[in-house]
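One structure is given below, encoded as structure tokens.
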Amino acid sequence: MTTFDFSPLFRSTIGFDRLSRLMDATLASAEATSYPPYNIEKLSDDDYRLTMAVAGFSESDLEITQKQSALVISGRAPKDETPRQYLHRGIARRAFERRFELADHIVVDGATLENGLLHIALKRVVPESLKPRQIPISTGSPKVIETTASKAA
């Protein structure tokens with residue numbers, strides 16, 4: 001396993017604790033299981049799609065939760081009541097939980113289950129207050145802005 005020492009970075013920055021936690025979580029999840037397999041697609045500048053292979057799971061067996069910047073997808077297959085004798089069992093249908101760390105302003109736009117593939121639509125929604133805006137330039141004398149100190153005098 002490769003480890004990285006970010007302490008020089010954190011000596012000269014303030015408020016980047018989230019970056020440290022994100023790096024630790026990423027390195028820990030890289031060692032975790034790869035079940036179920038998934039794809040992440042970029043459809044446009046603001047649209048993404050996460051596709052996860054969930055063969056044997058129905059809508060009621062799956063749960064998708066977004067809490068702040070974390071997207072958690074979990075699957076719980078119901079217990080099979082019928083005893084079976086498998087010669088080969090290649091379809092796992094075991095319980096899983098996958099976590100994804102979402103960037104700022106990424107929200108879940110919807111989810112569909114089709115042909116054993118769970119598609120989750122993700123969209124970047126930047127608030128108007130954070131978008132660049134054009135400031136008009138006017139001619140004439142500058143506006144005088146009164147402050148509470150000048151009103152009190």
(request) Return the residue satisfying two criteria in turn: it lies in the range 88-109 and is without any contact (Cβ under 8 Å) to a residue 24 or more places away in the chain and loosely packed, with under 10 Cβ neighbours inside 10 Å, and of such residues it is nearest to Met23 (Cα to Cα). (result) Gly90
(request) Hey, could you check the range 52-87 for residues that are touching a Lys or Arg at 6+ places or on another chain (Cβ under 9 Å) and over 21 Å from Gly116 (Cβ atoms) and say which is surrounded by the fewest Cβ atoms within 10 Å (Cβ to Cβ)? (result) Ala70
(message) Looking at the range 36-51, can you tell me whether even one residue there is at pLDDT below 90, part of a loop (DSSP other than H, G, I, E, B) and either touching a strand residue (DSSP E or B) at 6+ places or on another chain (Cβ under 8 Å) or surrounded by 12 or more Cβ atoms within 10 Å (Cβ to Cβ) (or both)?
(response) no
(request) Check Ala53 against each of (1) more than 16 Å from Ala121 (Cα to Cα); (2) touching a residue at least 24 places away in the same chain (Cβ under 8 Å) and name the one condition it does not meet. (result) (1)
(message) Could you check the range 71-111 and list, in sequence order, the residues that are among the polar types (S, T, N, Q) and either part of a strand (DSSP E or B) or in contact with an Asp or Glu (Cβ under 6 Å, 6 or more places away or on another chain) (or both)?
(response) Ser74
(message) Considering only the range 112-119, I want to know if a residue exists there that is part of a strand (DSSP E or B), assigned by TED's automatic domain parsing to the domain that holds Asn39 and free of Cβ contacts under 8 Å to residues at least 12 places away in the same chain.
(response) yes
(message) Looking only at the range 52-70, filter to residues that are assigned to a loop (DSSP other than H, G, I, E, B) and among the hydrophobic types (A, V, I, L, M, F, W, C); which one of those is nearest to His105 (Cα to Cα)?
(response) Val54
(request) Could you tell me whether Ile135 is modelled with pLDDT of 95 or more, out of contact with any Phe, Trp or Tyr (no Cβ under 6 Å at 6 or more places or on another chain) and not small (Gly, Ala, Ser)? (result) no
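The values are calculated or read from the model by the stated rules, or taken from the named source; none is laboratory data. No experiment lies behind these values; they were computed from the predicted model shown. For neighbour counting, all protein chains shown are included, and Cβ atoms are generated from backbone atoms with ideal geometry for every residue, glycine included.
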